Amino acid sequence: YGNEAGGLCGGYVGSYGGNCSLIDCENSSEIYGDNAGGLCGAGAGYNGGNCSLSNCENSGDIYGEGAGGLYGSGAGSYDGNCLLSNCENSGDIFGIGAGGLCGILAGEREDGNCLLSDCSNSGSIFGIDAGGLCGREAGSYGGHCELNGCSNTGDIHGDKAGGLCGSNAGFSNSY
């Protein structure tokens with residue numbers, strides 16, 4: 001329980017010029033808190049930092065505004081980097097602006113970068129502006145959000161919600 005919490009790492013890991021790398025990790029616990037993530041809390045790889053997840057999985061349900069199945073809100077924003085490779089979420093996500101893999105504002109602002117490759121979500125997403133892979137405003141305000149070979153098969157429930165990304169977001173090469 002707690003805002004900006006993560007199932008394995010708290011908020012702002014690999015931020016402010018730091019680095020964080022998780023390989024073959026898994027969370028199956030439920031998480032309650034705004035901007036939380038199944039593995040990493042809010043702000044992973046934020047402000048000139050780097051955070052990467054490879055072959056990781058979340059199966060725990062997450063409850064909180066702006067939350068994400070793997071990364072919480074703001075991952076890779078403000079000239080930071082967040083990378084996901086061969087990762088998946090099967091937990092259900094409940095929250096405004098939430099996403100199946102990344103929460104709200106992934107890769108946003110001032111050359112922020114969020115890259116997802118060969119990742120998937122099968123959990124149901126419930127929330128206004130929510131997305132099957134990334135939440136609201138992913139890659140917005142001069143940032144970047146790129147989805148390559150990613151998929152969502154989970155149900156999406158909410159106004160202005162999207163199968164891949166929530167409102168005000170861009171993406172490429174996904175289905």
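The values are calculated or read from the model by the stated rules, or taken from the named source; none is laboratory data. Please read these numbers as outputs of a predicted model, since none were measured by experiment. Neighbour counts run over all protein chains shown; Cβ positions are idealised from the backbone, glycine included. The protein model used for the area step is the full one, side chains on, heavy atoms only, and it has no ligands, DNA or RNA in it. Shrake-Rupley method; radii C 1.70, N 1.55, O 1.52, S 1.80 Å.
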Shape call for the stretch 1-66 from the C-alpha gyration tensor, a ≥ b ≥ c root eigenvalues: rounded (a/c under 1.5), prolate (a/b greater than b/c) or oblate?
oblate
Let's test the formula: R0 of 30 Å, r as the Cβ-Cβ distance of D118 and Y32. What FRET efficiency results, to the nearest 0.05?
0.55
Sort S52, S29 from largest to smallest accessible area, using a 1.4 Å probe on the heavy atoms of the protein chains.
S29, S52
10 Å beta-carbon shell around A42, net charge (K/R +1, D/E -1)
-2
Charge tally for neighbours of Y78 with beta carbon under 11 Å away, counting Lys, Arg as +1 and Asp, Glu as -1, is -3
Here are labelled values, (1) 48, 41, 28; (2) 36, 31, 26; (3) 48, 36, 31, and one is the computed Cα extents along the principal axes in Å for what I pasted. Which one?
(2)
Just want to confirm a number: the relative contact order over the chain, from Cα pairs under 8 angstrom separated by 6+ residues, in percent.
17 percent
